[in-house]
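Here's the structure, in structure tokens; my notes come after.
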Amino acid sequence: MADVKKQVILMKGIGVSSGIIIGKAYLIERGVIEPAQFCYLDIAETDSEIERFQNALKASRDQLLRIKKKMEQDGKGKEHIRIIDAHLMILKDNMLINDTVKVIKEERVNAEWALKTVLKDLMEYFDKIDDEYLKERSMDIEHIVNRVLINLMGKKHESITEIKYPSIVIAHDLAPTDTAQMVKGMVLGFLTDVGGRTSHTAIMARSLEIPAVVGLETITRKAEMGDIIIVDGTTGTVIINPSDSVVDVYRKRKERYENYGRALFHYRDLPCETTDGRRVRLMGNMEIVEEIDSLLEHGAEGIGLYRTEFLYLNRKDLPTEEEHIKAYKQVIKKMAPNPVTIRTLDIGGDKVLSHVDMPKEINPAMGLRAIRFCLKNTDIFRTQLRGILRASVYGKIKIMFPMISGIEEIRQAKALLEQSKEELKAEGKAFDPDIEVGVMIEIPSAAIIADLIVKEVNFISIGTNDLLQYSLAIDRVNEHVAYLYEPFHPAVLRIIKTVADAANKAGISVGVCGEMAGEPEYALILLGFGLDLLSMNAFSILKVKRLIRSISFAEAKKICKMITSFATAKEVESFINLKLPGLYKEEFWS
Ligand code: PEP
Ligand code: MG
């Protein structure tokens, strides 16, 4: 029979791990388990049903222990093994076990049905939680329950290690146990219907450097086993059954991308300085400790932004002082001797703490978030400040306060810091007395009074993500106004210049830790405006270094002088595009 040409399908999801891959689809049935059959039991049957449930729990536990052992033998990293440990903990969860047993007994139903009922209740509970991180953790529970269900139904649990040829793994969802077992070389990339940027699977993909796109919604229905698939993990593009000419285009792109990536490593150990000797420090942004290895590999000279809210989001209680110390110490040790800039809790807005009574706000982005929340909840704030201070004995730490709108907030935050220092002194606990204190400039009011702010702090860092949101009045999570997000907007440029001038005049360090810092065309302007520190994701570090090393500071300043007279973002963009010769352009994208 003649080959029937398969339909080309283009899909867009969330690219969570960069890189381009072309390969064959391997579909794994995960996440969607067949509906459990309902069986009404005789009262005499409930005991043996409970025993069957206990056996399935034990089988699941044995499987996980085997996976863990294999991972240890294979030398997988601690973070992978920790995920298996977390799953083993869920298997011991009293609520899950006791509630299922109770449903079997009281409702006289089979174990599969009882377990599904308990899972449904748990998921409904998680759905009501307004906490993205906790919601994603609920997936771990779902994965574990599915494993128990498969064992109850006497089915085989497919293992990702059984894939026989290099494939692009496609699943409704992948359990972290799957990603942790992935063998580089066999799993070329992966695609899932669900998932978000902070899910464990996304984190794993980045640490394994496997291209991955999540949140594709219907990829498991659209792709078939063996289909040829193109995955662009940077843009989130997926093409199923591409034509030969599209495959050719992507092959070339992939080659350019990989050559470019390899070529960039040439810059890894070279100093980040302009041709006339201006030094700019390139640091990394991080949320979780697993990101550090990649930052170090790309030559980060420290952490310019440690978003600590992730310490608060993955749990039902608040982190203790000791937990703060432990988390920071880990980061400092890995980054030593380079500095780690710890941003104090930036909660509120879209990031809600489920266990703290926070008011529902009509306009959360302008509500009780970040430093405002901390100054109202001083117990929470002081625990973090004490933790940061005590961790400062292990290496170079800087403290950074987010969302500052005026001088009073800085003074209040610093007063609380001083109070914490006094307490620690009285308790005989050590800390770095000269710890540097800085603020983020993210609100236009703070930018306008930058000349006053620089007198209060040791350094400043511009958070361009929020600065653009507030100065251009565009909600950063609203796709309808996304077209107005213009870092080249003359107002934005003037604000950045004002802040940089004030800091340079006062002789203190001024950096950018928003997304602008990681794009070469913006980095060029930031260099010209006199910023001395740019903090970004791992992948951007080398391309920005390459740009900075290929231009003189004098030239960058001249370019900045020119663009400040332009009236629109488009004019600035055209000028920069003209100025950026092939050397600075991201040629592999074209
Ligand atoms: C910023 O606003 O630019 C920033 C770096 O902080 P966040 O993205 O965490 O709000
Ligand atoms: Mg911000």
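Observations
- Helical runs assigned H by DSSP (4 residues or longer) give the chain a calculated mean residue ellipticity at 222 nm of -14500 deg cm²/dmol, each run adding -39500 (n - 2.57) before division by the residue total.
- A straight chain from Glu422 to Val8 at 0.36 nm per residue would run longer than the Cα-Cα distance by 142.4 nm.
- 12 Å beta-carbon shell around Glu555, net charge (K/R +1, D/E -1): +4
- In the chain, the DSSP beta bridges split such that about 30 percent are antiparallel, to the nearest 5.
- Normalising by residue count, the chain has a Cα convex hull of 178 Å³ per residue.
- Residues with amide H under 5 Å from that of Ile397, placed H, sequence gap 5 or more: Val340
- Cross-link partners of Lys376 among lysines (Cα-Cα below 21 Å; sequence separation of 8 or more within a chain): Lys316, Lys351, Lys360, Lys414, Lys421
- Stretchable slack from Arg82 to Asp379, in nm (0.36 nm times residue separation minus alpha-carbon distance): 103.9 nm
- In a reduced charge model with +1 at each Lys and Arg Cβ and -1 at each Asp and Glu Cβ, the chain shows a dipole moment near 1600 debye about its Cα centre.
- The orientation-averaged projection of the convex hull spanning the C-alpha atoms of region 268-588 amounts to 16.3 square nanometres.
- Of all lysines in the structure, those lying under 23 Å Cα to Cα from Lys570, and not within fewer than 8 positions of it along the same chain, are Lys497, Lys557, Lys558, Lys561, Lys579, Lys585.
- Summary value for region 43-152: 39 percent relative contact order, contacts being C-alpha pairs under 8 angstrom separated by 6+ residues.
- Derived scalar couplings ³J(HN,Hα) [region 550-567; Karplus, 6.51 cos²θ - 1.76 cosθ + 1.60; whole Hz; x for Gly, Pro]: 9, 9, 8, 4, 4, 5, 4, 5, 4, 4, 5, 4, 4, 5, 5, 8, 6, 8
- Pairs with C-alpha atoms separated by more than 28 Å, drawn from the list Lys24/Lys543; Lys92/Lys164; Lys398/Lys543, are Lys24/Lys543; Lys92/Lys164.
- Between Val356 and Leu318, the distance separating the two model label sites (each 7 Å from Cα on the Cα→Cβ line) works out to 0.7 nm.
Where a number appears in this text, it was derived from the coordinates with a stated rule and is not lab data. Keep in mind it's a predicted model, so treat the numbers as computed, not measured. Here Cβ is always computed from backbone atoms with ideal geometry, including for glycine, and neighbour counts include all displayed protein chains.
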